[in-house]
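Undergrad: Shown below is the structure under consideration.
Where a number appears in this text, it was derived from the coordinates with a stated rule and is not lab data. The model shown is predicted, which means the values in this text are computed figures rather than measured ones. Cβ placement follows ideal geometry from the backbone for every residue including glycine, while neighbour counts extend to all protein chains displayed.
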Amino acid sequence: MDIASIIKSRVKETYDLHRQYVNPQFVRVLEVIGFNRNYTSAKGARLTDENGREVLDFLAGFGVFSIGRNHPLVAQVLRDMMETGPPSMVQMDVGTVSGLLAEALARIAPGDLEAVFFTNSGSEGVEGALKFARQATGKSKVVYCDRAFHGLTLGALSVNGNEEFRGRNEPLLPGCIPVPFNDLDALESALSGRDVAAFIVEPIQGKGVFIPDDDYLPGVRRLCDEYGALLIADEVQTGLGRTGRMFALDHWDVVPDLLVVSKALSGGYIPLGAIITRREIHSKVFDSMDRCFAHSNTFGQNDLAMAAGLATLHVLEQENLIERSARMGEYLMNGLKNLAGRYELLHEIRGKGLMIGIQFGAPKSFTLKTGWKLLHKMNEELFCQMITIPLLEKHNILTQVAGHGLDTVKILPPLIIDNADADCFLEAMDKVLKDAHKFPGSAWTTVKNLGLRTAKTA
Ligand SMILES: Cc1ncc(COP(=O)(O)O)c(C=O)c1O
């Protein structure tokens, strides 16, 4: 079977295939915003489409491709593994490569987290962490944050603070209590009954890139200890160098009881995630030989994913990507803050490392304010398209909005970007912002028409 020829001969049918067999609504969205390209190859921080156009990838598969796409070292390790004919998933054994990856994760995890459970996704990690917390504490309630995103399976959705995802799925898990993010008083009152198994939190919220005050996460740790709740850190997006430290919690020297990672862990090659916890918690779940499968899955420890994980951690270290994430993040944030001083629609730049939220807001000048109000009256989701669409269409840079109903663009570039990539993005942003500050003007007309078209075809 010649897969390369098959792909080449049928690439033009891609969107029809998806319209017919996969998700036609998503195809419509991509067509309406002009993101319906056929990408045919990728390397590092760049994608190439069928017309040979190179796109600078500032989305990185929502944070998956931290070491860049198709990293040659991970590819070589995977090829080598396949050459050896790995004895993957015998199931009635334990594998060498999974043992090695568990050891490597225990080494990078903070504090005394050393017991590892492998998963196939971030959501599955959250599901497992919730189960571990309930079993280890004998309690069932879970506290979570407004606007939190922990995945979309039913357990993870029960602690998801976004109505657009929860809707039509109720009733969800009972005993899940929302609190505002960055509010220690609200957390204390939710925990004070001492009947809560866990508080689950993203140290930096992915939807919107919200960063807590410096006393929040240390305070969270203290309150969890005081009221006997476990702290689950969801570092699916923020982990493995994304924020300029190995884990985002490291910025505040906080050690959780359960740490969930995924996304970047396998270099983007194979679905992979992990729950890393203290041995004491793990032993409360797996507390007898009868219960050695108290929580399990089929593909979790497959040899190829394990090898990709080992190779990815090796690349992170060898290429100093965590330090680079911190350095390049600062460079980009400074450049963006500079632009914020010149463009009134640009209100705030917030982020750590290479997880950056670009926050827009109502302008002061009269004419621009008219455009802002008109557009938001028409559709709360439209404004950021005035940034992301021209970034791709005119400047070949891929970005996305930070969540529903937010005037925030989020960038999650691969950690391998250099100053030239950052300058390319900043120059493009400068031009896009200049256009967006002309009202009336073509940028506003384009998104207005987009809004009209979406309303008509909804
Ligand atoms: C913080 C966080 N947790 C969990 C998830 C769910 O991960 P997955 O899509 O791999 O199930 C995501 C995905 O974006 C995430 O950002």
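Undergrad: Please provide three numbers in whole Å: the alpha-carbon extents of the range 254-334 along the principal axes, with the largest listed first.
TA: The principal-axis extents, from largest down, are 55, 32, 18 Å.
Undergrad: Could you tell me which of the pairs Lys352/Lys431; Lys12/Lys431; Lys377/Lys434; Lys207/Lys284 are separated by over 28 angstrom between their Cα atoms in the structure shown?
TA: From Lys352/Lys431; Lys12/Lys431; Lys377/Lys434; Lys207/Lys284, over 28 Å: Lys12/Lys431; Lys207/Lys284.
Undergrad: A further question on this structure: Taking the Cα centre as origin and putting +1 on Lys and Arg beta-carbons and -1 on Asp and Glu beta-carbons, what dipole magnitude results for the chain, to the nearest 20 debye?
TA: The dipole magnitude comes to about 1580 debye.
Undergrad: For the range 10-122, how big is the tail of P(r) above 22 Å, as a whole percent of Cα pairs?
TA: Above the 22 Å cut-off, the range 10-122 has 58 percent of its Cα pairs.
Undergrad: Restricting things to alpha carbons, tell me how big the range 72-318 is in terms of Rg and Dmax, in Å.
TA: So, for the range 72-318, Rg and Dmax equal 17.8, 57 Å respectively.
Undergrad: At what distance in angstrom do the alpha carbon centres of the range 2-51 and the range 145-189 lie from each other?
TA: Between the Cα centres of the range 2-51 and the range 145-189 lies a distance of 34 Å.
Undergrad: Here's something else I'd like to know. Sort 18-25, 159-166, 92-99 for me by packing, meaning the mean count of neighbouring Cβ atoms within 10 Å per residue, highest on top.
TA: Peptide ranking by packing, descending: 159-166, 92-99, 18-25.
Undergrad: A further question follows. If contacts are Cα pairs under 8 angstrom and at least 6 residues apart, what is the relative contact order of the range 72-318 in percent?
TA: 27 percent
Undergrad: Calculate, in nm to one decimal, what Ala294 and Glu427 gain on full extension: separation in residues at 0.36 nm each, minus their alpha carbon distance.
TA: Difference between extended and current length: 42.5 nm.
Undergrad: So what are the ³J(HN,Hα) numbers for the range 217-230, from phi and the Karplus equation (6.51, -1.76, 1.60; θ = phi - 60°), rounded to whole Hz, Gly and Pro as x?
TA: Running phi through 6.51 cos²θ - 1.76 cosθ + 1.60 with θ = phi - 60° gives 5, x, x, 4, 4, 4, 5, 4, 5, 4, 9, x, 10, 7 Hz.
Undergrad: Show me the three semi-axes of the equivalent ellipsoid for the chain, from the C-alpha gyration tensor (sqrt of 5 times each eigenvalue), largest first, rounded to whole Å.
TA: Semi-axes (√(5λ), whole Å): 36, 28, 21.
Undergrad: Something else now. On C-alpha positions alone, give me the angle between the axis of helix 122-137 and the longest principal axis of the chain, in degrees, nearest 10.
TA: Computed tilt is about 40 degrees.
Undergrad: Next question. Find the all-direction average of the projected area of the Cα convex hull for the range 77-214, expressing the result in square nanometres with one decimal place.
TA: 11.6 nm²
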